[in-house]
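See structure below.
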Amino acid sequence: MQGLSTSLVLIAALAVVAPIITRLLDPLVKVPIVVFEIVLGILLGPSLLGWIQSTPFTDTLADFGLAMLFFVAGNEIDFAAIRGRPISRASAGWIISLAAGIGAGFVLAPAPEAAVIIGVALCSTALGTLLPIIRDAGEIKSPIGITVAALGAVGEFGPLIAISLFLSGKQLGVASAVLLGFVLLTGVAIFLASRSRHTLFHAQVTRTLHTSSQFAMRSIMLILSTLVVLSMVLGLDMLLGAFAAGVLWKVTIARAPQEDRRVIETKIDAVAFGFLVPVFFIDTGIDFHLGALTSNPATLALLPLFLVMLLVIRGLPSLLAAPSGSTRSDKRALLLFGATGLPIIVAVTAIGQDHGFITSGIASALVGAGMLSVLLFPLLALRQLQRNGRPATSNDFPAGSSPHRTEQASDGGLPPSDPSPTGA
(Lines give C-alpha, C1' and ligand atoms only; values in the text may rest on other atoms or scores of the structure.)
Protein backbone atom coordinates (compact mmCIF):
# COMPACT_ATOMS: atom_id res chain seq x y z
CA MET A 1 0.00 0.00 0.00
CA GLN A 2 2.85 2.39 0.79
CA GLY A 3 4.45 1.71 -2.60
CA LEU A 4 1.14 2.34 -4.37
CA SER A 5 0.59 5.60 -2.46
CA THR A 6 4.06 6.87 -3.33
CA SER A 7 3.67 5.93 -6.99
CA LEU A 8 0.27 7.62 -7.27
CA VAL A 9 1.52 10.87 -5.74
CA LEU A 10 4.65 10.95 -7.91
CA ILE A 11 2.71 10.12 -11.09
CA ALA A 12 0.31 12.98 -10.30
CA ALA A 13 3.30 15.27 -9.67
CA LEU A 14 4.87 14.34 -13.01
CA ALA A 15 1.56 14.99 -14.76
CA VAL A 16 1.73 18.56 -13.39
CA VAL A 17 5.43 19.07 -14.13
CA ALA A 18 5.22 17.94 -17.78
CA PRO A 19 3.05 20.83 -19.07
CA ILE A 20 5.16 23.32 -17.12
CA ILE A 21 8.30 22.10 -18.89
CA THR A 22 6.44 22.19 -22.19
CA ARG A 23 5.41 25.79 -21.63
CA LEU A 24 8.92 26.87 -20.60
CA LEU A 25 10.42 25.38 -23.76
CA ASP A 26 7.59 26.54 -26.01
CA PRO A 27 9.38 29.77 -27.15
CA LEU A 28 12.36 27.68 -28.26
CA VAL A 29 10.84 24.47 -29.60
CA LYS A 30 7.36 22.97 -29.61
CA VAL A 31 7.64 19.47 -28.17
CA PRO A 32 4.49 17.34 -27.69
CA ILE A 33 3.81 16.87 -24.01
CA VAL A 34 3.75 13.07 -24.35
CA VAL A 35 7.52 13.11 -24.89
CA PHE A 36 8.09 14.79 -21.52
CA GLU A 37 5.60 12.49 -19.81
CA ILE A 38 7.47 9.42 -21.03
CA VAL A 39 10.91 10.91 -20.28
CA LEU A 40 9.87 11.86 -16.74
CA GLY A 41 8.52 8.35 -16.22
CA ILE A 42 11.87 6.94 -17.32
CA LEU A 43 13.74 9.34 -15.03
CA LEU A 44 11.79 8.46 -11.89
CA GLY A 45 11.13 4.84 -12.83
CA PRO A 46 13.21 1.71 -12.21
CA SER A 47 15.52 2.46 -15.14
CA LEU A 48 17.12 5.47 -13.40
CA LEU A 49 16.12 6.88 -9.98
CA GLY A 50 13.77 4.06 -9.00
CA TRP A 51 11.37 6.32 -7.11
CA ILE A 52 8.27 4.97 -8.88
CA GLN A 53 7.36 1.32 -9.30
CA SER A 54 4.67 0.07 -11.63
CA THR A 55 1.73 -1.50 -9.75
CA PRO A 56 -1.36 -3.41 -10.93
CA PHE A 57 -3.51 -0.40 -10.07
CA THR A 58 -1.40 2.09 -12.04
CA ASP A 59 -1.23 -0.38 -14.93
CA THR A 60 -5.04 -0.57 -14.93
CA LEU A 61 -5.29 3.22 -14.94
CA ALA A 62 -2.79 3.29 -17.81
CA ASP A 63 -4.95 0.84 -19.79
CA PHE A 64 -7.94 3.14 -19.26
CA GLY A 65 -5.79 6.04 -20.47
CA LEU A 66 -4.81 4.22 -23.65
CA ALA A 67 -8.45 3.32 -24.33
CA MET A 68 -9.49 6.94 -23.77
CA LEU A 69 -6.75 8.13 -26.13
CA PHE A 70 -8.15 6.01 -28.95
CA PHE A 71 -11.71 7.00 -28.08
CA VAL A 72 -10.73 10.64 -28.59
CA ALA A 73 -8.92 9.74 -31.82
CA GLY A 74 -12.09 8.13 -33.18
CA ASN A 75 -14.09 11.15 -32.03
CA GLU A 76 -11.67 13.54 -33.76
CA ILE A 77 -11.85 12.17 -37.32
CA ASP A 78 -13.88 14.19 -39.80
CA PHE A 79 -14.90 11.44 -42.22
CA ALA A 80 -16.68 13.87 -44.52
CA ALA A 81 -13.42 15.72 -45.13
CA ILE A 82 -11.19 12.69 -45.78
CA ARG A 83 -13.55 10.51 -47.82
CA GLY A 84 -12.76 9.79 -51.45
CA ARG A 85 -9.24 10.26 -52.77
CA PRO A 86 -7.51 11.11 -49.45
CA ILE A 87 -8.68 8.00 -47.60
CA SER A 88 -8.32 5.63 -50.57
CA ARG A 89 -4.77 6.77 -51.35
CA ALA A 90 -3.84 6.73 -47.67
CA SER A 91 -5.20 3.17 -47.36
CA ALA A 92 -3.18 1.99 -50.36
CA GLY A 93 -0.04 3.52 -48.89
CA TRP A 94 -0.71 1.90 -45.52
CA ILE A 95 -1.06 -1.57 -47.07
CA ILE A 96 2.34 -1.09 -48.73
CA SER A 97 3.77 0.04 -45.38
CA LEU A 98 2.37 -3.02 -43.60
CA ALA A 99 3.83 -5.43 -46.16
CA ALA A 100 7.21 -3.68 -46.10
CA GLY A 101 7.19 -3.49 -42.30
CA ILE A 102 6.48 -7.20 -41.86
CA GLY A 103 9.16 -7.98 -44.44
CA ALA A 104 11.67 -5.90 -42.50
CA GLY A 105 10.49 -7.59 -39.32
CA PHE A 106 11.37 -11.01 -40.72
CA VAL A 107 14.88 -9.77 -41.45
CA LEU A 108 15.36 -8.45 -37.90
CA ALA A 109 13.44 -11.18 -36.04
CA PRO A 110 12.65 -14.29 -38.12
CA ALA A 111 9.78 -15.46 -35.87
CA PRO A 112 6.41 -14.66 -37.54
CA GLU A 113 4.87 -13.10 -34.44
CA ALA A 114 7.88 -10.84 -33.88
CA ALA A 115 7.85 -9.82 -37.55
CA VAL A 116 4.19 -8.83 -37.29
CA ILE A 117 4.84 -6.82 -34.11
CA ILE A 118 7.66 -4.89 -35.80
CA GLY A 119 5.68 -4.48 -39.02
CA VAL A 120 2.59 -3.13 -37.28
CA ALA A 121 4.71 -0.72 -35.23
CA LEU A 122 6.47 0.60 -38.32
CA CYS A 123 3.26 1.19 -40.31
CA SER A 124 1.52 3.35 -37.69
CA THR A 125 0.91 7.11 -37.69
CA ALA A 126 0.20 9.13 -34.53
CA LEU A 127 -3.09 10.84 -35.41
CA GLY A 128 -3.57 12.12 -31.86
CA THR A 129 -0.21 13.89 -31.93
CA LEU A 130 -0.48 15.31 -35.45
CA LEU A 131 -3.97 16.82 -35.39
CA PRO A 132 -3.22 19.53 -32.81
CA ILE A 133 0.05 20.38 -34.55
CA ILE A 134 -1.69 20.74 -37.90
CA ARG A 135 -4.52 22.76 -36.33
CA ASP A 136 -2.08 25.05 -34.52
CA ALA A 137 -0.31 25.72 -37.84
CA GLY A 138 -3.61 26.75 -39.46
CA GLU A 139 -3.51 23.81 -41.91
CA ILE A 140 -6.40 21.71 -40.60
CA LYS A 141 -8.73 22.59 -43.51
CA SER A 142 -6.03 22.76 -46.19
CA PRO A 143 -5.36 19.89 -48.65
CA ILE A 144 -2.22 19.03 -46.69
CA GLY A 145 -4.10 19.02 -43.39
CA ILE A 146 -6.87 16.82 -44.79
CA THR A 147 -4.27 14.41 -46.17
CA VAL A 148 -2.49 14.22 -42.81
CA ALA A 149 -5.83 13.47 -41.13
CA ALA A 150 -6.44 10.65 -43.64
CA LEU A 151 -2.93 9.25 -43.10
CA GLY A 152 -3.43 9.37 -39.35
CA ALA A 153 -6.87 7.76 -39.47
CA VAL A 154 -5.59 4.84 -41.54
CA GLY A 155 -2.34 4.74 -39.57
CA GLU A 156 -4.22 4.16 -36.31
CA PHE A 157 -7.23 2.12 -37.46
CA GLY A 158 -5.25 -0.13 -39.85
CA PRO A 159 -2.78 -1.35 -37.21
CA LEU A 160 -5.68 -2.13 -34.87
CA ILE A 161 -7.16 -4.35 -37.59
CA ALA A 162 -3.79 -6.03 -38.11
CA ILE A 163 -3.39 -6.64 -34.38
CA SER A 164 -6.85 -8.22 -34.20
CA LEU A 165 -6.14 -10.46 -37.19
CA PHE A 166 -2.59 -11.60 -36.54
CA LEU A 167 -2.07 -11.29 -32.78
CA SER A 168 -5.39 -12.49 -31.37
CA GLY A 169 -4.19 -16.08 -30.92
CA LYS A 170 -6.87 -17.39 -33.32
CA GLN A 171 -6.51 -18.96 -36.74
CA LEU A 172 -6.56 -16.32 -39.46
CA GLY A 173 -9.92 -17.48 -40.81
CA VAL A 174 -11.54 -17.47 -37.39
CA ALA A 175 -9.98 -14.12 -36.50
CA SER A 176 -11.22 -12.65 -39.79
CA ALA A 177 -14.76 -13.89 -39.14
CA VAL A 178 -14.77 -12.52 -35.60
CA LEU A 179 -13.37 -9.18 -36.78
CA LEU A 180 -15.94 -8.98 -39.56
CA GLY A 181 -18.72 -9.65 -37.07
CA PHE A 182 -17.46 -6.88 -34.78
CA VAL A 183 -17.12 -4.43 -37.68
CA LEU A 184 -20.63 -5.23 -38.94
CA LEU A 185 -22.13 -4.87 -35.46
CA THR A 186 -20.47 -1.55 -34.75
CA GLY A 187 -21.10 -0.42 -38.32
CA VAL A 188 -24.82 -1.01 -37.94
CA ALA A 189 -24.80 0.85 -34.61
CA ILE A 190 -22.98 3.81 -36.16
CA PHE A 191 -25.32 3.83 -39.18
CA LEU A 192 -28.44 3.79 -37.01
CA ALA A 193 -27.00 6.49 -34.75
CA SER A 194 -26.25 8.70 -37.75
CA ARG A 195 -29.81 8.36 -39.07
CA SER A 196 -31.62 9.13 -35.82
CA ARG A 197 -32.14 12.66 -34.50
CA HIS A 198 -31.83 11.55 -30.82
CA THR A 199 -34.18 14.33 -29.69
CA LEU A 200 -34.93 12.86 -26.26
CA PHE A 201 -31.29 11.89 -25.73
CA HIS A 202 -30.07 15.41 -26.55
CA ALA A 203 -32.74 16.93 -24.30
CA GLN A 204 -31.52 14.81 -21.39
CA VAL A 205 -27.92 15.79 -22.16
CA THR A 206 -28.87 19.48 -22.11
CA ARG A 207 -30.81 19.19 -18.84
CA THR A 208 -27.94 17.50 -16.99
CA LEU A 209 -24.98 19.21 -18.63
CA HIS A 210 -24.23 21.34 -15.56
CA THR A 211 -25.64 19.08 -12.85
CA SER A 212 -24.31 16.14 -10.89
CA SER A 213 -26.18 13.76 -13.23
CA GLN A 214 -23.70 14.38 -16.10
CA PHE A 215 -25.76 12.22 -18.49
CA ALA A 216 -23.45 12.87 -21.45
CA MET A 217 -20.28 11.70 -19.69
CA ARG A 218 -22.06 8.67 -18.23
CA SER A 219 -23.27 7.78 -21.71
CA ILE A 220 -19.74 8.09 -23.06
CA MET A 221 -18.43 5.72 -20.40
CA LEU A 222 -21.22 3.27 -21.21
CA ILE A 223 -20.47 3.31 -24.94
CA LEU A 224 -16.72 3.09 -24.35
CA SER A 225 -16.88 0.26 -21.80
CA THR A 226 -19.44 -1.70 -23.84
CA LEU A 227 -17.41 -1.71 -27.05
CA VAL A 228 -14.10 -2.26 -25.24
CA VAL A 229 -15.51 -5.24 -23.34
CA LEU A 230 -17.17 -6.57 -26.50
CA SER A 231 -13.89 -6.44 -28.38
CA MET A 232 -12.09 -8.20 -25.52
CA VAL A 233 -14.77 -10.90 -25.26
CA LEU A 234 -14.38 -11.54 -28.99
CA GLY A 235 -10.62 -11.83 -28.57
CA LEU A 236 -9.91 -8.57 -30.42
CA ASP A 237 -7.68 -5.76 -29.23
CA MET A 238 -9.50 -3.47 -26.82
CA LEU A 239 -8.27 -0.41 -28.70
CA LEU A 240 -10.41 -1.38 -31.67
CA GLY A 241 -13.47 -1.11 -29.44
CA ALA A 242 -12.25 2.19 -27.99
CA PHE A 243 -11.70 3.66 -31.46
CA ALA A 244 -15.14 2.50 -32.63
CA ALA A 245 -16.71 3.99 -29.49
CA GLY A 246 -15.25 7.38 -30.37
CA VAL A 247 -16.76 7.22 -33.85
CA LEU A 248 -20.14 6.10 -32.46
CA TRP A 249 -20.24 8.94 -29.95
CA LYS A 250 -19.34 11.46 -32.65
CA VAL A 251 -22.34 10.56 -34.81
CA THR A 252 -24.64 10.22 -31.80
CA ILE A 253 -23.98 13.74 -30.55
CA ALA A 254 -23.59 15.36 -33.99
CA ARG A 255 -27.07 16.95 -34.04
CA ALA A 256 -26.94 18.25 -30.46
CA PRO A 257 -26.80 22.03 -29.95
CA GLN A 258 -23.39 23.44 -30.77
CA GLU A 259 -22.83 24.95 -27.33
CA ASP A 260 -23.67 21.61 -25.68
CA ARG A 261 -21.11 19.87 -27.86
CA ARG A 262 -18.50 22.46 -26.90
CA VAL A 263 -19.09 21.78 -23.21
CA ILE A 264 -19.06 18.01 -23.67
CA GLU A 265 -15.82 18.09 -25.64
CA THR A 266 -14.26 20.14 -22.85
CA LYS A 267 -15.34 17.54 -20.31
CA ILE A 268 -13.98 14.71 -22.47
CA ASP A 269 -10.72 16.58 -22.79
CA ALA A 270 -10.54 17.08 -19.03
CA VAL A 271 -11.11 13.39 -18.25
CA ALA A 272 -8.77 12.18 -20.97
CA PHE A 273 -5.87 14.62 -20.89
CA GLY A 274 -6.29 15.89 -17.38
CA PHE A 275 -6.25 12.43 -15.84
CA LEU A 276 -6.13 9.16 -17.76
CA VAL A 277 -3.88 9.78 -20.78
CA PRO A 278 -0.99 11.30 -18.77
CA VAL A 279 -1.05 8.22 -16.52
CA PHE A 280 -0.68 6.03 -19.61
CA PHE A 281 2.33 7.88 -21.01
CA ILE A 282 4.04 8.26 -17.63
CA ASP A 283 3.47 4.55 -16.98
CA THR A 284 4.99 3.86 -20.41
CA GLY A 285 8.13 5.65 -19.25
CA ILE A 286 8.12 3.77 -15.94
CA ASP A 287 7.96 0.45 -17.80
CA PHE A 288 10.59 1.54 -20.36
CA HIS A 289 13.60 -0.81 -20.13
CA LEU A 290 16.44 1.65 -20.62
CA GLY A 291 18.99 -0.91 -19.49
CA ALA A 292 17.85 -3.40 -22.12
CA LEU A 293 18.36 -0.71 -24.77
CA THR A 294 21.78 0.54 -23.66
CA SER A 295 23.40 -2.65 -22.38
CA ASN A 296 23.99 -4.05 -25.85
CA PRO A 297 25.51 -1.91 -28.64
CA ALA A 298 23.67 -3.95 -31.27
CA THR A 299 20.34 -3.28 -29.55
CA LEU A 300 21.16 0.43 -29.16
CA ALA A 301 21.91 0.60 -32.88
CA LEU A 302 18.33 -0.53 -33.56
CA LEU A 303 17.00 2.82 -32.32
CA PRO A 304 18.35 4.96 -35.21
CA LEU A 305 17.67 2.05 -37.58
CA PHE A 306 13.99 1.97 -36.59
CA LEU A 307 13.81 5.76 -36.92
CA VAL A 308 15.08 5.55 -40.51
CA MET A 309 12.76 2.63 -41.19
CA LEU A 310 9.79 4.73 -40.08
CA LEU A 311 10.74 7.26 -42.74
CA VAL A 312 11.21 4.65 -45.46
CA ILE A 313 8.49 2.13 -44.61
CA ARG A 314 5.77 4.50 -43.42
CA GLY A 315 6.84 7.88 -44.76
CA LEU A 316 7.51 7.07 -48.42
CA PRO A 317 4.19 5.20 -49.05
CA SER A 318 2.39 8.14 -47.47
CA LEU A 319 3.33 10.16 -50.56
CA LEU A 320 0.68 8.25 -52.51
CA ALA A 321 -1.90 10.40 -50.73
CA ALA A 322 -0.24 13.70 -51.67
CA PRO A 323 -2.83 16.18 -53.03
CA SER A 324 -2.71 17.13 -56.69
CA GLY A 325 -0.31 19.99 -57.31
CA SER A 326 1.76 19.33 -54.19
CA THR A 327 5.18 20.93 -54.21
CA ARG A 328 8.35 19.11 -53.23
CA SER A 329 8.22 20.78 -49.83
CA ASP A 330 4.63 19.58 -49.38
CA LYS A 331 5.65 16.02 -50.19
CA ARG A 332 8.61 16.13 -47.81
CA ALA A 333 6.26 17.40 -45.11
CA LEU A 334 3.80 14.55 -45.77
CA LEU A 335 6.63 12.04 -45.62
CA LEU A 336 7.63 13.34 -42.18
CA PHE A 337 4.07 13.61 -40.87
CA GLY A 338 3.24 10.07 -42.04
CA ALA A 339 6.33 8.64 -40.33
CA THR A 340 5.38 10.13 -36.93
CA GLY A 341 4.22 7.33 -34.64
CA LEU A 342 4.08 6.54 -30.94
CA PRO A 343 0.79 5.35 -29.33
CA ILE A 344 0.37 2.29 -31.56
CA ILE A 345 4.08 1.51 -31.15
CA VAL A 346 3.71 1.59 -27.37
CA ALA A 347 0.58 -0.58 -27.50
CA VAL A 348 1.83 -3.21 -29.93
CA THR A 349 5.25 -3.59 -28.25
CA ALA A 350 3.47 -4.07 -24.92
CA ILE A 351 1.49 -6.91 -26.51
CA GLY A 352 4.68 -8.36 -27.92
CA GLN A 353 6.42 -8.32 -24.56
CA ASP A 354 3.43 -9.69 -22.67
CA HIS A 355 3.30 -12.72 -25.00
CA GLY A 356 7.07 -13.10 -25.26
CA PHE A 357 7.12 -12.38 -29.00
CA ILE A 358 9.86 -9.73 -28.82
CA THR A 359 12.66 -8.91 -26.41
CA SER A 360 12.60 -5.89 -24.13
CA GLY A 361 15.52 -4.49 -26.13
CA ILE A 362 13.59 -4.49 -29.41
CA ALA A 363 10.53 -3.06 -27.66
CA SER A 364 12.59 -0.27 -26.09
CA ALA A 365 14.26 0.54 -29.41
CA LEU A 366 10.88 0.77 -31.17
CA VAL A 367 9.38 2.99 -28.46
CA GLY A 368 12.52 5.14 -28.44
CA ALA A 369 12.28 5.56 -32.20
CA GLY A 370 8.63 6.52 -31.81
CA MET A 371 9.53 9.14 -29.22
CA LEU A 372 12.19 10.61 -31.50
CA SER A 373 9.76 10.64 -34.42
CA VAL A 374 7.25 12.66 -32.39
CA LEU A 375 10.00 15.01 -31.25
CA LEU A 376 11.66 15.59 -34.64
CA PHE A 377 9.44 14.82 -37.62
CA PRO A 378 6.54 17.27 -37.06
CA LEU A 379 8.95 20.16 -36.45
CA LEU A 380 10.87 19.36 -39.63
CA ALA A 381 7.60 18.94 -41.55
CA LEU A 382 6.36 22.38 -40.47
CA ARG A 383 9.60 23.92 -41.69
CA GLN A 384 8.98 22.33 -45.08
CA LEU A 385 5.51 23.88 -45.19
CA GLN A 386 6.97 27.27 -44.29
CA ARG A 387 9.11 27.12 -47.42
CA ASN A 388 5.92 27.48 -49.42
CA GLY A 389 5.15 30.78 -47.73
CA ARG A 390 2.88 29.34 -45.03
CA PRO A 391 2.99 31.07 -41.65
CA ALA A 392 5.14 29.54 -38.96
CA THR A 393 3.53 27.85 -36.00
CA SER A 394 2.96 30.51 -33.39
CA ASN A 395 0.77 31.50 -30.52
CA ASP A 396 -1.58 33.33 -32.90
CA PHE A 397 -4.99 31.71 -33.11
CA PRO A 398 -5.74 30.00 -36.43
CA ALA A 399 -8.91 30.98 -38.18
CA GLY A 400 -11.93 29.41 -36.57
CA SER A 401 -10.13 28.38 -33.39
CA SER A 402 -10.51 29.56 -29.84
CA PRO A 403 -7.79 30.60 -27.37
CA HIS A 404 -8.76 27.61 -25.20
CA ARG A 405 -8.24 25.11 -28.00
CA THR A 406 -5.01 26.64 -29.29
CA GLU A 407 -3.48 26.59 -25.82
CA GLN A 408 -4.25 22.89 -25.53
CA ALA A 409 -2.74 22.24 -28.92
CA SER A 410 0.50 23.95 -27.96
CA ASP A 411 0.69 21.70 -24.95
CA GLY A 412 0.94 18.75 -27.30
CA GLY A 413 -2.31 17.01 -26.33
CA LEU A 414 -5.43 16.31 -28.34
CA PRO A 415 -7.81 19.27 -28.41
CA PRO A 416 -11.57 18.92 -28.45
CA SER A 417 -13.21 17.97 -31.71
CA ASP A 418 -14.28 20.74 -34.06
CA PRO A 419 -17.67 21.76 -32.73
CA SER A 420 -18.89 23.17 -36.03
CA PRO A 421 -21.78 21.35 -37.71
CA THR A 422 -19.63 20.53 -40.72
CA GLY A 423 -17.14 18.77 -38.48
CA ALA A 424 -19.80 16.43 -37.19
Segment 25-40 - residue that is of a type outside the set (V, I, T) and either modelled with pLDDT of 90 or more or in a helix (DSSP H, G or I) (or both) and, of those, surrounded by the fewest Cβ atoms within 10 Å (Cβ to Cβ):
L25
Residues in segment 365-372: is at least one under 25 Å from L290 (Cα atoms), at pLDDT below 85, open to solvent by 10 Å² or more (accessible area, probe 1.4 Å) and in a helix (DSSP H, G or I)?
no
Under 6 Å between Cβ atoms, at least 6 apart or on separate chains: pull out the pairs that start in segment 89-103 with a residue that is of a type in the set (K, R) and end on any residue that is open to solvent by 70 Å² or more (accessible area, probe 1.4 Å).
R89/L320
L376 meets each of (1) at pLDDT 85 or above; (2) assigned to a loop (DSSP other than H, G, I, E, B); (3) open to solvent by 40 Å² or more (accessible area, probe 1.4 Å) with one exception, condition (2)
Top-ranked residue in segment 41-61 [being part of a helix (DSSP H, G or I) and without any contact (Cβ under 8 Å) to a residue 60 or more places away in the chain; ranked as surrounded by the fewest Cβ atoms within 10 Å (Cβ to Cβ)]
P56
If you go through segment 93-115 one residue at a time, do you hit one that is among the β-branched types (V, I, T), open to solvent by less than 10 Å² (accessible area, probe 1.4 Å), assigned to a helix (DSSP H, G or I) and farther than 14 Å from F157 by Cα?
no
I'd like to check which helices (runs of 4 or more DSSP H) are fully inside segment 232-325 and have at least 3 residues that are polar (S, T, N, Q) and open to solvent by 20 Å² or more (accessible area, probe 1.4 Å).
none
Given the condition modelled with pLDDT of 90 or more and within 25 Å of L382 (Cα to Cα), answer yes or no: does some residue in segment 48-63 qualify?
no
Go through the residues of segment 331-348 one by one and say whether even a single one is open to solvent by 50 Å² or more (accessible area, probe 1.4 Å), at pLDDT 85 or above and either in a helix (DSSP H, G or I) or of a type in the set (K, R) (or both).
yes
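The values are calculated or read from the model by the stated rules, or taken from the named source; none is laboratory data. Every value quoted in this text rests on a predicted model; they were computed, and no experiment measured them. Positions of Cβ are generated from backbone atoms using ideal geometry, with glycine treated the same way; all protein chains shown enter the neighbour counts. Keep in mind that these areas ignore ligands, DNA and RNA; they rest on the heavy atoms of the full protein, side chains included. Shrake-Rupley method; radii C 1.70, N 1.55, O 1.52, S 1.80 Å.
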